[in-house]
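Just so you know, all these numbers are worked out from the coordinates, no wet-lab data involved. This one's a predicted model, so the numbers in the text were calculated from it and none came from an experiment. So basically every Cβ, Gly included, is an ideal-geometry build from the backbone, and we count neighbours across all protein chains shown.
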Amino acid sequence: MKFTTEHEWLDPSGEDVAVGITEHAASELGDIVFVELPEVGASVSKGDEVVAIDSTKAASGITAAIDGVITAVNEDLNDAPETINADPMGTWVFRIDPTDPAQLDELMDEAAYREMIG
């Protein structure tokens, strides 16, 4: 599992990389009421906003931590965005096929992430 300074997690253990938000991000956002998912097949670059998230406290988003192509989106979030609040670390938002897998090495491991959030 890898983490970003923007409180996203990436799980590269499958054929592609699952992406979601951390418990810290979910608690800061409050109740998530809407998630705008990307298009499957879209090419994204590191730093691009890929997902828009609206909550009772704020509007936020998920930016691409790596370059790649979106391979899947979690369609269940269209009808139940609050699923993220219930299990942030177990709810992936989209999956990406990295064009440069070495970019994953630039991200934090769990210990570094925990240290960052204190």
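Only one of the numbered conditions (1) closer than 20 Å to residue 3 by Cβ; (2) free of Cβ contacts under 8 Å to residues at least 40 places away in the same chain is not met by residue 96, and that is (2).
In the set (1) closer than 30 Å to residue 31 by Cβ; (2) in a helix (DSSP H, G or I), the condition left unmet by residue 104 is number (1).
Pairs meeting the criteria (first residue in the range 13-33 and farther than 11 Å from residue 84 by Cβ, second residue assigned to a helix (DSSP H, G or I), beta carbons under 6 Å, at least 6 apart or on different chains) are 24/117.
Determine whether residue 78 is farther than 21 Å from residue 113 by Cβ, among the polar types (S, T, N, Q) and either in contact (Cβ under 8 Å) with a residue 60 or more places away in the chain or outside any loop (DSSP other than H, G, I, E, B) (or both). It is true that residue 78 is farther than 21 Å from residue 113 by Cβ, among the polar types (S, T, N, Q) and either in contact (Cβ under 8 Å) with a residue 60 or more places away in the chain or outside any loop (DSSP other than H, G, I, E, B) (or both). Considering only residues in the range 81-93 that are among the aliphatic types (A, V, I, L, M), in a helix (DSSP H, G or I) and in contact (Cβ under 8 Å) with a residue 12 or more places away in the chain, the one that is nearest to residue 17 (Cα to Cα) turns out to be 89.
For every residue, the table says whether it meets (1) of a type in the set (A, V, I, L, M, F, W, C); (2) touching a strand residue (DSSP E or B) at 6+ places or on another chain (Cβ under 6 Å).
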{"residue": "14", "(1), (2)": "no, no"}
{"residue": "63", "(1), (2)": "no, yes"}
{"residue": "71", "(1), (2)": "no, yes"}
{"residue": "86", "(1), (2)": "yes, no"}
{"residue": "110", "(1), (2)": "no, no"}
{"residue": "115", "(1), (2)": "no, no"}
